[in-house]
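Student: Take a look at this one; I'll ask things after.
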Amino acid sequence: MFDSLVTVSDRDKQRALELVLQSRTFVRSEQLRAFLRYVCSMEIEGRGEQITEYRIAVEALGRPEDYTTTEDSAVRNRAHALRAKLEELYAKEFPDAPVRIDFFKGSYRPHFVVHKPPDENGSVAPMLTPPEMAKAQTVEPKLRVLGLVVAGLALAFLAGVWLRGFVRPTPDSLMAEAWGPLFDQDGDVLMSVASHSHMQVRARSSKPPESERAVDAPPPVYEWYRRYHSLPPGKNLYLEFVNSSTRFGDAIGAAEVVRTIAAAGGKAQIFPETSVSEAMFRDRMSCSSECPRIRRRLIDCCRTGRFGVLYDETLQKETIVGPSATYVTQIDDASGIIQSYGLVTVLRGQGVQGAQHRIMIFSGSHSSCTVGATEFMSSPAHLRDFRDRLRKQGHSSFPPAYQMVIRCRADRVVPLNEEYETHLVLK
């Protein structure tokens, strides 16, 4: 149990802060890291009483000096997200952290608590200290000991290099159960990343050839362009049709999938959607990140899809449409916080031995939720919760085909957290 009565030194406070900032939980949350670094530094410097919502917004989050707390809830939203992230960190990644950073409800001032008393040196955080040198009568025994140590380290290093080619990483059993043959160390997963059609704005001295499918930019494009870039004299703007670009969230999601497979000892090849054909999926394990064309053809082919990602003309938003509910992206214009929904679709592979293959598709109503969906499937804690839900429905393990909706919160395209929403077992 954490003890708030034990005095924590500034040194241990700084170590607790660095532990959080360098953690996997906070690695993609730059705004939350800036928030936490600022308030903790103020507290460690003895200026905790000077922490205010306005100062956090302007000095930590980069808001303009005319920031008003009544019109912009960015600090309050990030404070809520920060508390949630800290709870996740100490529950999953560092459950035995000797010093914990916490916030009283309604306060932006951090406080540090410990769960064990200080050691004899007055420290509560683990610290590596060099061992005392044994007293020796002559220099020669010391050199012999040092030589043995160096030789032992060298042998250990060589043994590690030699064994590396024979010992393969063992994935978490729950992760292996959920990902199945996608973790096959002798397999080769095809990772297809969505290619979206859009128009790029280019500043040029002359209009590109017609073969590049470029058109003159209308006046509103000039107004928008000058907000972010300077337009050199003599250059005009042109719109060029492109169908080979990948959204930021889709790219991060694809990288998370490849990292997860590699950590289990498997391997994957990444292809843009425009380079992938249905024939490439046959007799092969595969994943795809928000590929509408491939996703639609696969689900239509298997005739099992019940959830789909559709664009709602009335709402002007991407939505996930299910059998009994529609999940719509919500965006807070003031804070930039996005609540969206990711969709994980797991299907049997196609081919002669289709039952032994697997296709996993990550999509959703926004680019950020593609990342959230991949992080959910890469988390043993989330998968354990999902498996418990399946067992309550009578399933002994993860079914061979299912769809799951993931509720995601993100700071623009950077995910903050993800939670289970609902699922459907496919037959």
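The values are calculated or read from the model by the stated rules, or taken from the named source; none is laboratory data. Please read these numbers as outputs of a predicted model, since none were measured by experiment. Neighbour counts run over all protein chains shown; Cβ positions are idealised from the backbone, glycine included. Heads up: the accessible areas ignore ligands, DNA and RNA and are worked out on the full protein's heavy atoms, side chains in. Shrake-Rupley method; radii C 1.70, N 1.55, O 1.52, S 1.80 Å.
Student: Quick one: in the stretch 321-338, which of the residues that are without any contact (Cβ under 8 Å) to a residue 60 or more places away in the chain and part of a strand (DSSP E or B) is farthest from residue 75 (Cα to Cα)?
Tutor: Going through the qualifying residues, I end up with 321.
Student: Answer yes if at least one residue in the stretch 74-92 is of a type in the set (Val, Ile, Thr), under 23 Å from residue 331 (Cβ atoms) and surrounded by 14 or more Cβ atoms within 10 Å (Cβ to Cβ), and no otherwise. Reasoning before the result, please.
Tutor: Just the residues of the stretch 74-92 that are of a type in the set (Val, Ile, Thr), to begin with: 75.
Cutting the leftovers down to under 23 Å from residue 331 (Cβ atoms) gives us 75.
Then drop every residue that is not surrounded by 14 or more Cβ atoms within 10 Å (Cβ to Cβ), which leaves 75.
Within the stretch 74-92, one or more residues are of a type in the set (Val, Ile, Thr), under 23 Å from residue 331 (Cβ atoms) and surrounded by 14 or more Cβ atoms within 10 Å (Cβ to Cβ).
Student: Within the stretch 349-383, count every residue that is modelled with pLDDT under 85, outside any strand (DSSP E or B), of a type in the set (Gly, Ala, Ser) and in contact with a helix residue (DSSP H, G or I) (Cβ under 6 Å, 6 or more places away or on another chain).
Tutor: Looking only at that region, the number is 2.
Student: Right, next: Hey, any hits in the stretch 96-115 for a residue that's open to solvent by 60 Å² or more (accessible area, probe 1.4 Å), part of a loop (DSSP other than H, G, I, E, B) and at pLDDT 90 or above?
Tutor: Within the stretch 96-115, one or more residues are open to solvent by 60 Å² or more (accessible area, probe 1.4 Å), part of a loop (DSSP other than H, G, I, E, B) and at pLDDT 90 or above.
Student: Of everything in the stretch 37-73, what is among the polar types (S, T, N, Q) and open to solvent by 30 Å² or more (accessible area, probe 1.4 Å)? Give them in sequence order.
Tutor: 41, 50, 52, 68, 69, 70
Student: On to the next question. With respect to residue 39, is the statement that it is in contact with a Pro (Cβ under 9 Å, 6 or more places away or on another chain) and not aromatic (Phe, Trp, Tyr) true?
Tutor: Against the criterion (in contact with a Pro (Cβ under 9 Å, 6 or more places away or on another chain) and not aromatic (Phe, Trp, Tyr)), residue 39 qualifies.
Student: Looking at this structure, is residue 36 in a helix (DSSP H, G or I) and closer than 19 Å to residue 98 by Cβ?
Tutor: Values: in a helix (DSSP H, G or I): yes; closer than 19 Å to residue 98 by Cβ: yes.
So residue 36 passes the test.
Student: Which ones in the stretch 58-95 are assigned to a helix (DSSP H, G or I) and hydrophobic (A, V, I, L, M, F, W, C)?
Tutor: 58, 60, 74, 75, 79, 81, 82, 84, 86, 89, 91
Student: Looking only at the stretch 9-33, count how many residues are within 17 Å of residue 417 (Cα to Cα) and either open to solvent by 40 Å² or more (accessible area, probe 1.4 Å) or part of a helix (DSSP H, G or I) (or both).
Tutor: The total comes to 9.
Student: Look through the stretch 218-243, keep the residues that are assigned to a strand (DSSP E or B) and either over 17 Å from residue 198 (Cβ atoms) or charged (D, E, K, R) (or both), and return whichever of them is most open to solvent (accessible area, probe 1.4 Å).
Tutor: Across the stretch 218-243, the extreme among qualifying residues is 236.
Student: Would a scan of the stretch 54-61 turn up a residue that is within 17 Å of residue 418 (Cβ to Cβ) and out of contact with any Lys or Arg (no Cβ under 7 Å at 6 or more places or on another chain)?
Tutor: Within the stretch 54-61, none of the residues are within 17 Å of residue 418 (Cβ to Cβ) and out of contact with any Lys or Arg (no Cβ under 7 Å at 6 or more places or on another chain).
Student: For the stretch 276-286, check the following and say yes or no: at least one residue is hydroxyl-bearing (Ser, Thr, Tyr) and either over 12 Å from residue 190 (Cβ atoms) or modelled with pLDDT under 55 (or both). Write out each step before concluding.
Tutor: First, pick out the residues of the stretch 276-286 that are hydroxyl-bearing (Ser, Thr, Tyr): 277, 286.
Keeping just the survivors that are either over 12 Å from residue 190 (Cβ atoms) or modelled with pLDDT under 55 (or both) gives none.
No.
Student: A follow-up question, please. Among the residues in the stretch 357-366, are any open to solvent by 40 Å² or more (accessible area, probe 1.4 Å) and either of a type in the set (A, V, I, L, M) or without any contact (Cβ under 8 Å) to a residue 12 or more places away in the chain (or both)?
Tutor: The answer is no; no qualifying residue exists.
Student: Could you list, in sequence order, the residues of the stretch 393-418 that are among the aromatic types (Phe, Trp, Tyr) and either surrounded by fewer than 18 Cβ atoms within 10 Å (Cβ to Cβ) or outside any strand (DSSP E or B) (or both)?
Tutor: 398
Student: Quick one: in the stretch 244-259, of everything that is open to solvent by 60 Å² or more (accessible area, probe 1.4 Å) and part of a helix (DSSP H, G or I), which residue is nearest to residue 374 (Cα to Cα)?
Tutor: 259
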